[in-house]
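Pasting a structure here, questions to come.
The values are calculated or read from the model by the stated rules, or taken from the named source; none is laboratory data. None of these values were measured; they are calculated from a predicted model. Here Cβ is always computed from backbone atoms with ideal geometry, including for glycine, and neighbour counts include all displayed protein chains.
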Amino acid sequence: MDFSARLGPIRASAGRVRQLLHDAKVVVCFGSRAKLCFFLAGHLEEHQLAGAFTTAAETLRCIASEQPGFLFCSDQLEDGCGLELMIAVKQRWPAMRTLLLISGRPRAALLRAAVDAGCDGLLLESSMGMGTATSTLETICRGGIVVDRALLALLRQSGQGDPSHDHLQTLSARELEVLTLLCRGGSNVEIAEQLVIAPDTVKSHIKNLLLKLGARGRTHAAVMALELGLVEWPSHDGRR
């Protein structure tokens, strides 16, 4: 693919990333030293970087000592597995935002474990350079969840049957609206404002959603909605 004409948008995207992460402490763990260097040079200011590594063990030690707010990681590392690293991070520091770039074809069971652990973003490396990464980061910073459609397809194929139809039958139209806004990181007040209903009504809808989906909480409900195809994420240019 010819990226020659995309220099301007790519630079603008890098600037937007710096803005979104301006007040965050960031740890980066890429298995490719070249990609790590290019990412650091183009996307982060010095004060934003808590650490940059190529192995899982180094990354975990840094996170334990520095307590950063965001982790960028690739699935392929010099030592360790990016998916396993993400799972370990989310289990120990569930509030930390995470974005994993996937270049290979992950095992479905491991991918499902990462989703269940609450990883905030799982993005195919092939999606990079077209604005998708920036829109993904914006969604994560708002508290939303993003899983690449191709990865969702892999999860569905690996599951036992397709329960999405049953869930669609049990969720009301209003509950689906609430679920969509929940996946995009909306708070109860923000969802209430957009749907012109009371925050207590939103709270009641979310309680019903958790019961119907069998979800442990808001994040788990958002992940299930994406995995089951109950909610479609718009592309960066607004097309579905």
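Could you list all residues from region 52-82 that are outside any loop (DSSP other than H, G, I, E, B), in contact with a strand residue (DSSP E or B) (Cβ under 7 Å, 6 or more places away or on another chain) and charged (D, E, K, R)?
If the condition is that a residue be outside any loop (DSSP other than H, G, I, E, B), in contact with a strand residue (DSSP E or B) (Cβ under 7 Å, 6 or more places away or on another chain) and charged (D, E, K, R), then Glu66, Asp79 are the ones that fit.
Next question, about the same structure. Can you find a residue that is farther than 22 Å from Arg97 by Cα, at pLDDT 75 or above and surrounded by 16 or more Cβ atoms within 10 Å (Cβ to Cβ) anywhere in region 134-150?
So in region 134-150, the residues farther than 22 Å from Arg97 by Cα come out as none.
Scanning region 134-150, I find no residue that is farther than 22 Å from Arg97 by Cα, at pLDDT 75 or above and surrounded by 16 or more Cβ atoms within 10 Å (Cβ to Cβ), so the answer is no.
Out of (1) crowded, with 17+ Cβ neighbours inside 10 Å; (2) under 17 Å from the mean Cα position of the chain (by Cα); (3) modelled with pLDDT under 95, the odd one out for Leu71 is which?
(3)
On to the next question. Looking only at residues in region 96-122 that are in a loop (DSSP other than H, G, I, E, B) and at pLDDT 90 or above, which one is surrounded by the fewest Cβ atoms within 10 Å (Cβ to Cβ)?
Looking at residues that are in a loop (DSSP other than H, G, I, E, B) and at pLDDT 90 or above, I get Met96.
How do the pairs read when you match residues in region 39-64 that are closer than 17 Å to Leu21 by Cβ with residues anywhere that are modelled with pLDDT of 95 or more and among the hydroxyl-bearing types (Ser, Thr, Tyr), using Cβ under 8 Å and keeping only pairs 6 or more apart or on different chains?
Gly51/Thr59
Looking only at region 25-40, count how many residues are of a type outside the set (Lys, Arg) and more than 22 Å from Asp75 (Cβ to Cβ).
0
List every residue pair whose Cβ atoms sit under 6 Å apart, with the two residues 6 or more apart in sequence or on different chains, where the first one lies in region 14-32 and is over 20 Å from Leu85 (Cα atoms) and the second, anywhere, is modelled with pLDDT of 85 or more and among the polar types (S, T, N, Q).
Every condition considered, the pairs that remain are Leu21/Gln48.
Please indicate, with yes or no, whether at least one residue in region 5-20 is among the hydrophobic types (A, V, I, L, M, F, W, C), modelled with pLDDT of 80 or more and in the same structural domain as Ser127 (by TED's automatic domain parsing).
Within region 5-20, the first condition is being among the hydrophobic types (A, V, I, L, M, F, W, C), and the residues that meet it are 5, 7, 10, 12, 14, 17, 20.
So of that shortlist, the ones also modelled with pLDDT of 80 or more come out as 20.
Imposing the further condition that a residue be in the same structural domain as Ser127 (by TED's automatic domain parsing) reduces the set to 20.
Within region 5-20, one or more residues are among the hydrophobic types (A, V, I, L, M, F, W, C), modelled with pLDDT of 80 or more and in the same structural domain as Ser127 (by TED's automatic domain parsing).
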